[in-house]
Amino acid sequence: MASADSVGYDAGEYTYLTLPSDRALRSCIGLVVAGLAARARIGVAGLEEAVDLLESRHSANGPTRYRFSLTDDGLIAEVEEGERAVDRGKGETTDAAGAANWRTVVEMVS
């Protein structure tokens, strides 16, 4: 089952989406992106391409974590990468050295 959580963080507020490897759940990404784009008042131009990019990052080998943030003029979507040690209390993912393992995949602006 997919899960989404909103977490406050020093650098901003993030919404997290965790998808299991089940391919049928990939459409959840589009629902989240469409909802956040509407909230940010971003037009639909480029929405399908953004969703396709995020869906292409979905792993068939295990859960995939996405994080979304709204900026003053847009939406940023990131995907968690690599080996991870998760501190769920902070909602932040770090590697062995303590650095965040998030890659920005999509930036949409109004």
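None of the figures in this text is laboratory data; all of them are computed from the coordinates on show. Predicted model only: the values in this text are computed from it and were never measured.
For Val106, which sequence-distant residues (separation of 5 or more, or a different chain) have an amide H within less than 5 Å of its own amide H, given hydrogens modelled in the peptide plane? Answer set, sorted by chain and number: Ala77. Whole-Hz Karplus values for region 64-77 come out as 10, 10, 10, 9, 10, 9, 9, 9, 4, 10, x, 10, 10, 10 Hz, taken residue by residue from phi with 6.51 cos²θ - 1.76 cosθ + 1.60 and θ = phi - 60°; glycine and proline positions read x. Note that region 33-45 has calculated 3J(HN,Hα) couplings of 4, 4, x, 5, 5, 5, 4, 7, 6, 9, x, 7, 4 Hz, one per residue in order, obtained from phi through the Karplus relation 6.51 cos²θ - 1.76 cosθ + 1.60 (θ = phi - 60°); glycine and proline are x.
Between amide H atoms placed 1.01 Å from N, distances below 5 Å from Thr64 occur with Leu19, Ser59, all of them 5 or more places distant or on a separate chain.
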